[in-house]
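In what follows, a structure is listed as structure tokens, so that the remarks can point back to it.
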Amino acid sequence: MTHFLRDILRQPKELQRTIEFLLGSGAGALEAAKKVLPYYEAYFNQPYPLPKLDQIFVPGESDSMENWGAIKDEEQYLVDPSNDSWEDQSNAFQSLVHEIAHQWFGNLVTMAWWDNLWLNESFATWMQKKATDHFHPEWKIWIKALAEKESAMDQDAVPASRSIQVRRHHCGPFNPACCWSDIGLLRSF
Ligand SMILES: [Zn+2]
């Protein structure tokens, strides 16, 4: 038994359960990344160029970020496959594979300027659905995506609808809910 495990067993029961949960769900996230990374490498025919890819789950964070080689994710995406719903597991898996896709779309290949941020987000979201459907066809992710697309089309049906390419003079906030019409465009090609 390692010193680390011995230390865990000396903790109060509540803390022990928390640590066991984190180790279990962390292992799940690691396993997901280990199978998705080679899937993307084969699909893009372009190896992941860094020696490692860290996943950092931050308590209190409400968004994820595809930092080059060090993905930051929300703590809520640490899920327990034996207890959490398939929807929670699907959301966690999709968040992870989205950020991994950004290692290619956004990090390895970057748009010339923020005007074309839609390419970054739409390709990563499209790959997220593609990878999720590949590894978890039972979640029927493309059927669920139809509802998300319909919601985006509703938003697009108003006179104040935005254009896909947005002129930006600086890096501004991005609303991920807006990229569904862009993904619809990509899928139609
Ligand atoms: Zn993204």
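The values are calculated or read from the model by the stated rules, or taken from the named source; none is laboratory data. For clarity, every value in this text was computed on a predicted model and none was experimentally measured. Cβ placement follows ideal geometry from the backbone for every residue including glycine, while neighbour counts extend to all protein chains displayed.
Does Ala152 meet the test of being among the hydrophobic types (A, V, I, L, M, F, W, C), more than 24 Å from Tyr39 (Cβ to Cβ) and modelled with pLDDT under 85?
Details: among the hydrophobic types (A, V, I, L, M, F, W, C): yes; more than 24 Å from Tyr39 (Cβ to Cβ): yes; modelled with pLDDT under 85: yes.
Yes: the conditions hold for Ala152.
So Trp180 fits all but one of (1) buried (at least 18 other Cβ atoms within 10 Å of the Cβ); (2) within 16 Å of the ligand (Cβ to nearest atom); (3) at pLDDT 80 or above; what number is the exception?
(3)
So which of Val79, Val97 is in contact (Cβ under 8 Å) with a residue 12 or more places away in the chain, within 20 Å of Lys144 (Cβ to Cβ), β-branched (Val, Ile, Thr) and outside any loop (DSSP other than H, G, I, E, B)? Steps first, please.
On the way: Val79 fails: outside any loop (DSSP other than H, G, I, E, B).
Of the residues listed, the single one that is in contact (Cβ under 8 Å) with a residue 12 or more places away in the chain, within 20 Å of Lys144 (Cβ to Cβ), β-branched (Val, Ile, Thr) and outside any loop (DSSP other than H, G, I, E, B) is Val97.
Under 9 Å between Cβ atoms, at least 6 apart or on separate chains: pull out the pairs that start in the range 29-44 with a residue that is farther than 19 Å from Leu108 by Cα and end on any residue that is among the aromatic types (Phe, Trp, Tyr) and not in a helix (DSSP H, G or I).
Partner pairs satisfying both residue conditions: Ala29/Phe57.
So that you can scan it fast, the table gives a plain yes or no per residue for (1) at pLDDT below 90; (2) surrounded by fewer than 13 Cβ atoms within 10 Å (Cβ to Cβ):
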| position | (1), (2) |
| --- | --- |
| Gly24 | yes, no |
| Ala27 | yes, yes |
| Leu37 | no, no |
| Tyr48 | no, no |
| Asp63 | yes, yes |
| Gly69 | no, no |
| Lys72 | no, no |
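Regarding Ile164, is this residue β-branched (Val, Ile, Thr) and part of a loop (DSSP other than H, G, I, E, B)? Break it down stepwise before answering.
Details: β-branched (Val, Ile, Thr): yes; part of a loop (DSSP other than H, G, I, E, B): yes.
Yes: the conditions hold for Ile164.
Taking Glu87, is it of a type in the set (Asp, Glu), more than 26 Å from Phe44 (Cβ to Cβ) and at pLDDT 90 or above? Explain how you work it out, then say what you get.
Values: of a type in the set (Asp, Glu): yes; more than 26 Å from Phe44 (Cβ to Cβ): yes; at pLDDT 90 or above: yes.
Here the answer is yes, as Glu87 does meet what is asked.
If you check Gln55 against the conditions, is it on the phi < 0 side of the Ramachandran plot, touching a His at 6+ places or on another chain (Cβ under 9 Å) and away from the ligand (no atom under 13 Å from the Cβ)?
Values: on the phi < 0 side of the Ramachandran plot: yes; touching a His at 6+ places or on another chain (Cβ under 9 Å): no; away from the ligand (no atom under 13 Å from the Cβ): yes.
Considered against the rule, which asks whether it is on the phi < 0 side of the Ramachandran plot, touching a His at 6+ places or on another chain (Cβ under 9 Å) and away from the ligand (no atom under 13 Å from the Cβ), Gln55 comes out as no.
Could you look through the range 115-139, keep only residues that are surrounded by 13 or more Cβ atoms within 10 Å (Cβ to Cβ) and over 17 Å from the mean Cα position of the chain (by Cα), and pick out the one that is nearest to the ligand (Cβ to nearest atom)?
Looking only at the range 115-139, we keep the residues that are surrounded by 13 or more Cβ atoms within 10 Å (Cβ to Cβ), and these are 115-136, 139.
With the extra rule that they be over 17 Å from the mean Cα position of the chain (by Cα), the set shrinks to 115-116.
Numbers: Asp115: 17, Asn116: 14 Å.
The qualifying residue nearest to the ligand (Cβ to nearest atom) is Asn116.
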